[in-house]
């Protein structure tokens, strides 16, 4: 299958590659442009979550894990002010994501779920070398800024996204199917998180 792109789209793709190299080298200085959604002639523009440049860094400029509350409690990771900002602008956020090609149904605040009732698919997650524990995955869900619904092979998933990481929950089996930290976010996910964080 041949996918054709415009010159503008090609430049965006090259910028994404350059930004990823900067991130891997720990020298990422700028907040990426929000329009990282490359619209191809196939119409497939489905960014997935990987890392966020807004995360704290160590003395060498490398990304570090953000602090937060223990995952056993029930409080959201959003502060009252940031949560109210996001909720107050939820329609603008949804519209902006849609304008940039995001096609899934977004929930702001994230879809409510009892994290303590969820199973954890450690084998699948470790097979993909995400190095995320069950406790971390549940924390990503609790601290998510938004979630979105996606159907994969006939099964419904709710994908939770936040500054610290992301977790994908199979809603039929009530299982955390995969989870990964902000250090694995891709440019599409960065664009999503940056859109949301503008309203915190």
1/(1 + (r/R0)^6) with r = Cβ-Cβ of residue 135 and residue 156, R0 = 25 Å, i.e. FRET efficiency to nearest 0.05, evaluates to 0.50
Rounded to the nearest 0.05, what FRET efficiency do residue 119 and residue 13 give with R0 = 35 Å and r taken as the Cβ-Cβ distance? Could you check? 0.40
Can you give me the distance in nm between label points at residue 84 and residue 105, each placed 7 Å from the Cα along the Cα-to-Cβ direction? 3.0
Assuming R0 = 22 Å, what is the FRET efficiency of residue 112 and residue 200, from their Cβ-Cβ distance, to the nearest 0.05? 0.65
At a 10 Å Cβ-Cβ cut-off, how would you order 128, 153, fewest neighbours first? 153, 128
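Going by average Cβ neighbours within 10 Å, how do the peptides 179-192, 86-99 rank, with the highest at the top?
Numbers: 179-192: 23.5, 86-99: 15.1.
Ranked by mean Cβ neighbours within 10 Å, highest first: 179-192, 86-99.
Every read-out reported here was derived from the displayed coordinates using simple, explicitly stated rules and does not represent laboratory data. It should be emphasised that the depicted structure is a prediction, and the values quoted were computed from it without experimental measurement. Cβ sites come from the backbone with ideal geometry, for glycine too, and all protein chains shown count toward neighbours.
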